[in-house]
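Structure, as structure tokens:
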Amino acid sequence: YHLSRELERRMQELSLLYDISSSLNATRELDELLRFTTAKISKVLEAENTSIILADKDELYLPIVTGNDDNPARSSQGYRFSINSGICGWVIREGKGLLVSNVPEDSRYHPQIDNIGVSQLRSIICVPLQNKGVIIGAIAIKNKLDSIFNQEDLQLLNALAGNLAISIENARLYKELKDSKEKLSAENIFLKQEA
């Protein structure tokens with residue numbers, strides 16, 4: 001039974017890696033990428049919530065909170081908080097992944113920040129999102145539904161983090177290019193009218 005359960009879990013993990021890798025290359029819109037990724041990870045790792053936190057200078061930005069397919073919790077405005085706050089802030093500052101099994105007893109825990117997306121944070125895995133040596137944010141998985149997170153969960157999240165960081169940067173670049181194109185088009189129309 002245990003071997004069958006472990007094999008099923010491994011197959012789900014491989015399926016997750018494949019689905020996310022395929023979608024990361026196909027998705028250009030950042031919000032769509034974040035929603036898809038967080039929902040998929042929450043489902044496979046049987047977590048209450050998955051959040052992607054982006055670093056913005058000395059601030060952290062949680063652009064959207066997504067629970068899972070059955071219980072999506074979304075914020076259209078997002079959340080901003082200091083990079084010196086909470087477990088995810090520590091992960092981004094230190095550049096190291098972290099597994100905390102009993103969050104309320106951890107000195108890095110900040111209830112107003114770390115509890116976003118869950119009613120009460122019990123356990124968390126958080127790993128940095130790094131692209132070309134620069135940490136652009138972190139991904140956090142909160143509250144395993146039927147047990148506690150383990151090192152295998154942490155390894156899976158680390159494996160996803162690199163590809164996810166590249167896709168986030170690509171989505172940002174795509175948005176910048178799109179915005180620049182629209183701005184140039186508007187300027188072109190204005191200049192033609194002036195001429």
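So how tilted is helix 30-44 from the main axis of the chain? Cα-based, degrees 0 to 90, rounded to 10.
10
As a check on your grasp of the helix formula, calculate [θ] at 222 nm for the chain: sum -39500 (n - 2.57) over DSSP H runs of n ≥ 4, divide by the residue count, round to the nearest 500.
Mean residue ellipticity, 222 nm, calculated: -17000 deg cm²/dmol.
Taking only protein heavy atoms into account and a 1.4 Å probe, give the accessible area per residue of the chain in Å².
Value returned for the chain: 57 Å² of accessible area per residue.
For the ranges 156-164, 177-185, what's the packing order if you count other beta-carbon atoms within 10 Å of each residue, average per peptide, and put the highest first?
Packing proxy ranking, top to bottom: 156-164, 177-185.
In the chain, with Lys and Arg counted as +1 and Asp and Glu as -1 at Cβ, which of these residues, Gly133, Phe190, Val44, has the Cα nearest the positive end of the dipole, that is, farthest along it?
Phe190
Zone of Leu7 (label point 7 Å along Cα→Cβ, backbone N under 13 Å): which residues in the stretch 33-57?
What the label zone holds, given the 13 Å backbone N cut-off, is no residue at all.
What percent does the relative contact order of the chain come to when contacts are Cα pairs within less than 8 Å and at least six residues apart?
This gives 20 percent for the chain.
Please list, ordered by chain and number, the residues whose modelled amide H lies under 5 Å from the amide H of Ile136; skip anything fewer than 5 residues away on the same chain.
Residues meeting the amide H criterion: Leu129, Gln130, Asn131.
Set the bar at 27 Å for Cα to Cα. Now go through Lys144/Lys178; Lys40/Lys132; Lys40/Lys183; Lys96/Lys132; Lys96/Lys144 and name every pair that lies beyond it.
Checking Cα-Cα distances, Lys144/Lys178; Lys40/Lys183 exceed 27 Å.
Give me the percent of accessible area attributable to carbon and sulfur for the chain, probe 1.4 angstrom. Show your work: numbers first, answer last.
Values: 5530 of 11060 Å².
With neighbouring chains kept in place, the figure for the chain is 50 percent.
With a 1.4 Å probe and all protein chains kept in place, how do Leu3, Leu62 rank by accessible area, largest first?
The most accessible residue leads, giving Leu3, Leu62.
Stretch Ser82-Phe190 to full length: gain in nm at 0.36 nm per residue minus the Cα-Cα span?
34.8 nm
What whole number of Å gives the distance from the Cα centroid of the stretch 153-195 to the Cα centroid of the stretch 108-141?
With the stretch 108-141 and the stretch 153-195 each reduced to a Cα centre, they are spaced 24 Å.
Give the long-range amide H neighbours of Leu60: residues separated by 5 or more places, or on another chain, with amide H under 5 Å away, using H modelled in the peptide plane at 1.01 Å from N.
Counting only residues 5 or more places away or on other chains, the set is Phe81, Ser82, Ile83.
Label points 7 Å out from Cα along the Cβ direction at Ile135 and Glu105: separation in nm?
2.5
Can you run phi through the Karplus equation (6.51, -1.76, 1.60; θ = phi - 60°) for the stretch 81-90 and list ³J(HN,Hα) in whole Hz, with x for Gly and Pro?
7, 5, 5, 8, 10, x, 5, 5, x, 5
The values are calculated or read from the model by the stated rules, or taken from the named source; none is laboratory data. Because the structure is predicted, anything quoted here is derived from the model rather than measured. Neighbour counts are summed over all protein chains in view; Cβ atoms, including those assigned to glycine, are modelled from backbone coordinates with ideal geometry. These accessible areas exclude ligands, DNA and RNA; they are computed on the full protein's heavy atoms, side chains included. Shrake-Rupley method; radii C 1.70, N 1.55, O 1.52, S 1.80 Å.
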